[in-house]
Amino acid sequence: VSVVFILLLFHFRFGLGNLTPNKKGATWFMLVGMTNGSAVLFLYSALKTAGVTSVAPIVATFPLFTLLFSLLFFRQEVITRQTFAGVALTVGGIVLISVY
């Protein structure tokens, strides 16, 4: 769906004749699509085996993983105290909600 939307948007703005694929960008686009598709598949598999009250708090810890992956993949990412505090508060709040 994303590819179709992007191609239609590009076609109406610039025309498909001006389309020159970027191999690195296309590779990242495919990897993100496969990762996102896998995440949705795993989410529904988890919801099938466990209740939403068990799955939702785990899924909601994504800010922690976003922070870790941004450190691993984007070396120029700077983690400030505010960023760390935001992630810690979000994950801490999720833990409190799921425990109580």
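From 59, 32, 55, 4, grab the single residue that is surrounded by 11 or more Cβ atoms within 10 Å (Cβ to Cβ) and over 30 Å from residue 96 (Cα atoms). Exactly one residue qualifies, and that residue is 32. Entry remark, region 72-100: residues being among the basic types (Lys, Arg) and at pLDDT 85 or above number 1 in total. Please verify whether region 19-27 includes one or more residues that are in a helix (DSSP H, G or I), modelled with pLDDT of 90 or more and open to solvent by less than 90 Å² (accessible area, probe 1.4 Å). Within region 19-27, one or more residues are in a helix (DSSP H, G or I), modelled with pLDDT of 90 or more and open to solvent by less than 90 Å² (accessible area, probe 1.4 Å).
Is it the case, given these coordinates, that residue 41 is surrounded by 10 or more Cβ atoms within 10 Å (Cβ to Cβ) and outside any loop (DSSP other than H, G, I, E, B)? Yes.
In region 62-100, of all residues being of a type in the set (Ser, Thr, Tyr) and under 29 Å from residue 28 (Cβ atoms), the one that is least open to solvent (accessible area, probe 1.4 Å) corresponds to 70.
The values are calculated or read from the model by the stated rules, or taken from the named source; none is laboratory data. Owing to the predicted nature of the structure, the values given are computational and were not obtained by experimental measurement. For neighbour counting, all protein chains shown are included, and Cβ atoms are generated from backbone atoms with ideal geometry for every residue, glycine included. Only protein heavy atoms, including side chains, enter the accessible area calculation; ligands, DNA and RNA are left aside. Shrake-Rupley method; radii C 1.70, N 1.55, O 1.52, S 1.80 Å.
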